[in-house]
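Below is one structure, written out as structure tokens, with a few remarks after it.
The values are calculated or read from the model by the stated rules, or taken from the named source; none is laboratory data. Keep in mind it's a predicted model, so treat the numbers as computed, not measured. Please note: Cβ atoms are built from the backbone with ideal geometry, for glycine as well, and neighbour counts cover all protein chains shown. SASA here: full protein model, heavy atoms, side chains in, ligands and nucleic acids out. Shrake-Rupley method; radii C 1.70, N 1.55, O 1.52, S 1.80 Å.
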Amino acid sequence: MGSFDGVLWCLAYILGLLCTAIAPLPSRGDMSLQFSWQELIPLVSLVLAMVGLGIGTAIVIPRIFRTAPPPRSWLIAGFIAALAIVHIWYRQPIPASNDISRFISPPVTQTASPSTPKPENNSVTVQGVVENTPMLTRSNKARFWLEAQQLQIKPEETTQVTGKLYVTVPLLQATGIYPGDMVKVSGNLYQPKAAANPRGFDFRAFLAREGSFAGFSGKFVSLTSREFGDAPPWGWWQIRQKIARSQVFWLGSPAGELLSSMVLGSRAVDLPYEVKDQFVETGLAHVLAASGFHVSLLLGVLLFLTKKYSGKVQFIAGLVGILIFISLAGWQPSVARAGVMGVGVLLGILLERKTKPLGSLLLAATLLLVANPLWIWDLGFQLSFLATLGLVTTVEPITKRLDWLPTLIASLMAVPLAASLWTLPLLLHVFSVFSTYSIFVNILSTPLVTVISLGGMASAVAGVIYPIAGSSIAYALNLPIWTLIKLVEFFSNFPSNSIAIGSISLGQMLLVYGIVILVWLFPKIHRYWWLIGLGAIAVILIPNWYLQKQLFQATLLAAPQEQVFILQNQGKIGLINTSKSNTRDFTLVPFLRQQGINSIDTLINLVPNSPSLKQSAKTVYQLNKDNRQVIQTTTQSSLDINEAIDFAGLNLKILNPQIPIIQLNIQGQNWLFLGRITAEQRAEISQLLKQQEIKNIHTLFWLGASLPPEVLTNLETLNPEVAIASTNQIDPQTLEILQQSATTTYWTGEHGAIQWTPKAGFVTTLEQDNRF
């Protein structure tokens, strides 16, 4: 077997895993009770396609390229790709028959036995083993994973269960809880939700990737395995905690947590979210992740310290160092990849053979994906390997292009440029945002990050042996740490620190990667790098720009208890916003970025003193808290009742700013927006209906679970074809009356975000029966 055969088979295995993106594979859990061969059609089709591809290449490739591997190798490659598809399908996590998710009412899946007891309101007590150190959430709660063992629905009813549970509890309740502890948690079981907004965070899929199918909102936690004050079970978390405490002792917060995160990774340390977000915004998120950079530094230091000894001693020292680092940082894709490649380097030293970085990278990817094929869709895994591929293949050509600069500066520039070149298309596909100053900030911060990381590792080792020594070394890093913090803070607050490109399609991303690979494989075309770069930029920008200029779309985002409406009218953007900071940051802003929206033409902000958006707005109408009027912020003039304003090229009237009541004409259809109506405001609604100022509505969009009686009794006057409620649960009586009037009804808690276009009409985000 030639070396090219091994490369071919590794690539075939990875190709087989990637091909599962073409068609969704059937869930083994769905097939467990009611098996149907039709459910296996996507799986069988992909397997046969890979086998057919292997046969086809075995016939064609050797005839065209005489130096290519023999037909047998291509046939084996086809079967390997087919086996990869079966492997990833078989490794899909599914809930066991007694998984705790089966006890949620309504059940998570239809495979639960009808005789399975279920709590009426999901208020239960769960006993299990804590798997990780509790970490802080954005809502200042503690979160941890619990391996469930017993479920207590009633005091006299205890059921043996299995399954991994995502638990959140009040912060004080998690005090003194450590990995390995047996605890009882009282609270509510719940079914994790899928993404309710376009390209939003899919909590259900996130838990499923971790092998969990249920969440738990806890209220009280009690230890059962030991008394408070007794020593907890030993674990690597104790060393992590000792390191973090020694580094925070004199540095304080957030400098101490930042140092610990740069040494162990942010997954192992609670870094304030404000600092973490700033690093993400400036393109320095990789600094906070345990990755190959850390392993390379560690391995470099260990090999330097043992350079006078034999290869066997170097191998043992390096291997022990890598294993300890992985144990402290946790088994995650980027660390695992770096660890495997590090072991490859050590084996080369031991055997006195030179390792090939590209071959080591491919072998590491294959081995890890054989162990866990689901990592192929892990973003951290993808970015780690793409960044390393960029460093292996592209740093040298870029350095040669920068030979007119001093060697040190050229190297500092080449590394972030190479990594960004290979990761940017994927980042644009996933996040739709280009960090404007990312490369520049990476160049400026590299010396600081190197010094801090090396010093942090020395501080960590000293902190384990003698905490005061670790604190002293950490304090010596105070200046570079605060310099890095201020640098990141400055650029995160700098104007236009990020530009929304809009979501690029899978085809665009693959085309850009095809261009990058073409340049890599054919060095002769390097001289045309500027022309090729312009072509890649055009592939990304031109289709998105054209779509934005042609798009007419109205979107009602899923934000329970709040109304967020975005109108896209052929490049003009209008926004009606009643959201607060959390909805703005995690619902509205991601949607605007995904759509490539960097500025808003008309913003109607109906929340007094609401936080501002990063997206600039040309015209802003703000609700005044004192006199309950709508003010045009540019001229500081108040808006008259029923005064028509330009809303992204359409006519809009604010009929009542206090509720509020807004009427918008969309292509000849009247859309009516009702805010939360209090008992005192019902008379105003009744008066407007009597005066017939509101009638013949096509779409009624209201805030809350129910419509007031004054609206329900006048449905004939309003005559809405579609009614949409921004609420988790709609009032049954309201739904019944709307159904009787033949009004199609949606609500965001059930259907997610709702989008309307002239051609498709209303389309919901969640895949459910969306018409009632």
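Would you check which residues across the range 700-729 are β-branched (V, I, T) and either surrounded by fewer than 23 Cβ atoms within 10 Å (Cβ to Cβ) or without any contact (Cβ under 8 Å) to a residue 12 or more places away in the chain (or both) and list them? Within the range 700-729, T713, T717, V722, T727 meet the criteria.
Cβ-Cβ distances below 7 Å connect the following pairs, each with a first residue in the range 274-298 that is modelled with pLDDT of 90 or more, a second residue that is acidic (D, E), and a separation of six or more residues or different chains: Q278/E489.
In the range 429-467, which residues are hydroxyl-bearing (S, T, Y) and in contact (Cβ under 8 Å) with a residue 12 or more places away in the chain?
At the first step, the residues of the range 429-467 found to be hydroxyl-bearing (S, T, Y) are 432, 435-438, 445-446, 450, 453, 459, 466.
Correct list: S432, S435, T436, Y437, S438, S445, T446, T450, S453, S459.
Reported count of residues in the range 748-770, each being among the hydrophobic types (A, V, I, L, M, F, W, C) and under 25 Å from the mean Cα position of the chain (by Cα), is 4. The residues of the range 361-403 that are polar (S, T, N, Q) and either more than 23 Å from L518 (Cα to Cα) or open to solvent by less than 30 Å² (accessible area, probe 1.4 Å) (or both), listed by number, are T366, N372, S384, T388, T393, T394.
So which of L328, L271 is within 27 Å of N132 (Cα to Cα), outside any loop (DSSP other than H, G, I, E, B), modelled with pLDDT under 90 and not polar (S, T, N, Q)? Going through L328, L271 in turn, just one is within 27 Å of N132 (Cα to Cα), outside any loop (DSSP other than H, G, I, E, B), modelled with pLDDT under 90 and not polar (S, T, N, Q): L328. Scanning the range 420-435 for residues that are under 20 Å from W530 (Cβ atoms) and open to solvent by 20 Å² or more (accessible area, probe 1.4 Å) returns S420, L421, L424, F434.
If you check V248 against the conditions, is it closer than 30 Å to Q127 by Cα and open to solvent by less than 50 Å² (accessible area, probe 1.4 Å)? Outline the logic, then answer.
Working: closer than 30 Å to Q127 by Cα: no; open to solvent by less than 50 Å² (accessible area, probe 1.4 Å): yes.
No; evaluated as a whole, the condition is false for this residue.
Of the residues screened, L424 is not one that is over 24 Å from F381 (Cβ atoms), part of a helix (DSSP H, G or I) and without any contact (Cβ under 8 Å) to a residue 40 or more places away in the chain. Only a single criterion out of (1) modelled with pLDDT under 90; (2) of a type outside the set (K, R); (3) part of a helix (DSSP H, G or I) is not satisfied by P560, namely (3). Tallying residues that are under 15 Å from H429 (Cα atoms) and of a type in the set (V, I, T) within the range 522-541 yields 3. Evaluating F490 against the criteria (1) assigned to a helix (DSSP H, G or I); (2) aromatic (F, W, Y); (3) in contact with a helix residue (DSSP H, G or I) (Cβ under 7 Å, 6 or more places away or on another chain) leaves one unmet condition, (3). On inspection, L46 does not qualify as over 24 Å from A205 (Cα atoms) and either in contact with a helix residue (DSSP H, G or I) (Cβ under 6 Å, 6 or more places away or on another chain) or not aromatic (F, W, Y) (or both).
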